[in-house]
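Reviewing the structure listed below.
The values are calculated or read from the model by the stated rules, or taken from the named source; none is laboratory data. Note that this is a predicted model, so its numbers are computed, not measured. Every residue, glycine among them, receives a Cβ derived from its backbone with ideal geometry; neighbour counts consider all protein chains shown. Just the protein is used for accessible areas: all its heavy atoms, side chains included, with ligands, DNA and RNA removed. Shrake-Rupley method; radii C 1.70, N 1.55, O 1.52, S 1.80 Å.
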Amino acid sequence: MRAADLRGLELITQDPQNKLPLFGSARLFLVGVPPLTRLGQDIMERLGPATAGAVLFRFGYEAGLGMATSLADMYPWENDNEWFLAGSVVRSFSGLALEEIDHLRFERGQGILSFRGRWRDSIQTLIHAGLQGIPPHSGCSLLAGAASGYASACLGREVLVRELACAAQGAPECIFEGRAVEEWGLAPEELRQQFSLPQVGDEVGRLRQALEQASRELAAQRDELESLRRRSLAPEPQEGMLYRGQAMARVMVLAAKAAPTAATVLITGETGTGKEVLARFLHRHSGREAEPFLAINCAALPPNLLESELFGHLRGSFTGAERDKKGLFVEAGAGTLFLDEVGELPLELQAKLLRALQEKEVRPVGGVKGQPVRARIVAASNRSLPEMVAAGSFREDLYYRLAVIPMALPPLRQRREDILPLARHFLEQLRPDSPGFSPAAVRLMEAHAWPGNVRELANVVEYAVVLAGNERLGPEHLPPGLGQAPTDPLAGLAAGLPSQEELLRRYTAYVLEQTGGNKSQAARILGIGPNTLWRRLKAAAPDAQRG
Ligand SMILES: [Zn+2]
């Protein structure tokens, strides 16, 4: 899961018992600016700006801390940076301010977290504008508190966020910076003011406790913000080809280059990976898009029908041939002819196809005169043609004629980063007003092996929409079997190619699950002591419980 994939409304659920709103497991209370202004006025008047600012900071801090631990429980984050950035996304959608992070350095293993960013339209500048007879406040203490609490949970140590400039004091926008408390070099008195605490030490102890319980260790990867930016700027869904990962990006770069040429293309990929969608993409960008795009599935027709369908026939050439038929090669004109499942062509038609490609003409059934072929040929196969060549069921010379430009579509399980965007795309098409997927449904979909690839995913979303109606799509709406372990448990464990540390965590949870939660048995199987198991499980517990 990545921060950019968060959708605000998907995070808000209803308590199944009483239908009251929840964020994570905490009851939620929505409040608008006018009553907040009332509250601000009251505490400013009674406490003075400095103490009021500190109270708001603590309020925000508590909220940020809870947010971070809830988000850690809700989703398996791809890395620490994503978890951290999710906080920024949530501060924006929850209405605190439009937040942007400009710089981030987060190396949890080494205890390093520093960041810098901007707030626009901060709620506190709005509240302050409504206050009467109150001097300009000392800054967006509520926001600084929220960001401090969130960052402290991420790092596992106290982090302090301070404003360097504030819009409420005339700056064009609020600029903030976050660092571990000790990095600020503040005197104890300044710290006390910031946190409004009699003893900062107590607060640190309390924070540690909260973290022990709730914070989940994420794989310490050194993905910098830059790489995140690069990926989130990767090509957006266009013309039915929706992808974000490198695997598909490579295919699409090749497709864009190959499209305008006349070269024959061979698309390979498992069933449901979108071979025809790619063929149509090639056609649309071929410069031949005004000409026809004709597609035929070579496995769908018996050989004699397939022959006349492809190459045409003359009237009277066989029983039932009541008039001349041109055949797809000729009908495609200067357009594109897409031959799906080309591996299923019988050998005698393979010979005829080879001749069509070599001599650029076809002879209709019952005819002697050749017809010129101008169409560009795109073929596809979900079987391995080289293996069929080796087995003697596919002509080697035809294979090389077809595979002038080979393109291999990766299976969905090798492009897991695309699962959620694709699922949302299908959902958007079917039900634009849907409240989206629940975090549990996202986890199940991301863990599934998807043997039927993108087509299976589209079917699953359609199934879920039928069951869910206007509700948010949850695990109970997914088809039976989707929640079960993937057919290859190792593929499931290694989903998303985790770090060794993360893999160890997942495997520990898996073994515990297999032993029915028996910790001493699990420790024996893993060959580790009970303490080591305990440490690993503290991190892995949410997954183990979910199954
Ligand atoms: Zn501000």
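A few points about this structure:
- Of the residues Leu427, Leu467, Ala447, the one whose Cα sits farthest towards the positive end of the charge dipole of segment 413-477 is Ala447 (charges of +1 on Lys and Arg Cβ, -1 on Asp and Glu Cβ, taken about the Cα centre).
- Between Ile43 and Arg120, the FRET efficiency from the beta-carbon distance, with R0 = 22 Å, is close to 0.35.
- Here the chain is assigned +1 on the Cβ of each Lys and Arg and -1 on the Cβ of each Asp and Glu. Its dipole about the Cα centre then comes out at about 720 debye.
- Qualifying trypsin sites (Lys or Arg not before Pro) in segment 1-78, where qualification requires a DSSP coil assignment and no more than 16 other C-beta atoms within 10 Å, comprise Arg7, Lys19.
- Exposed loop sites here are chymotrypsin sites (Phe, Trp or Tyr not before Pro) assigned a DSSP state other than H, G, I, E or B and surrounded by at most 15 other beta carbons within 10 Å; excluding them, the longest clear run of the chain is 30-317.
- Measuring with a 1.4 angstrom probe and ignoring ligands and nucleic acids, Ile101 comes out at about 10 Å² accessible.
- Computed from the Cβ-Cβ distance with R0 of 35 Å, the FRET efficiency linking Ala391 to Arg7 stands at 0.10.
- Chain lengthening between Glu476 and Glu359 when straightened (0.36 nm per residue, less Cα-Cα): 36.4 nm
- Alpha-carbon gyration tensor eigenvalues x 5, square-rooted, for the chain, Å: 59, 27, 20
- Inter-label distance, nm, simple model (7 Å from Cα along the C-beta direction), Ala351/Asn531: 7.8 nm
- Between Ala165 and Leu36, the modelled labels are 2.3 nm apart [label points 7 Å from Cα along Cα→Cβ].
- Averaging 1/r over each pair of different alpha-carbon atoms in segment 246-410 and inverting the result gives 16.1 Å, the Kirkwood hydrodynamic radius.
- Shape category assigned to segment 275-336 from the gyration tensor of Cα positions, a/c cut at 1.5: oblate
- Taking the DSSP beta bridges with both ends in the chain, the antiparallel portion is around 60 percent.
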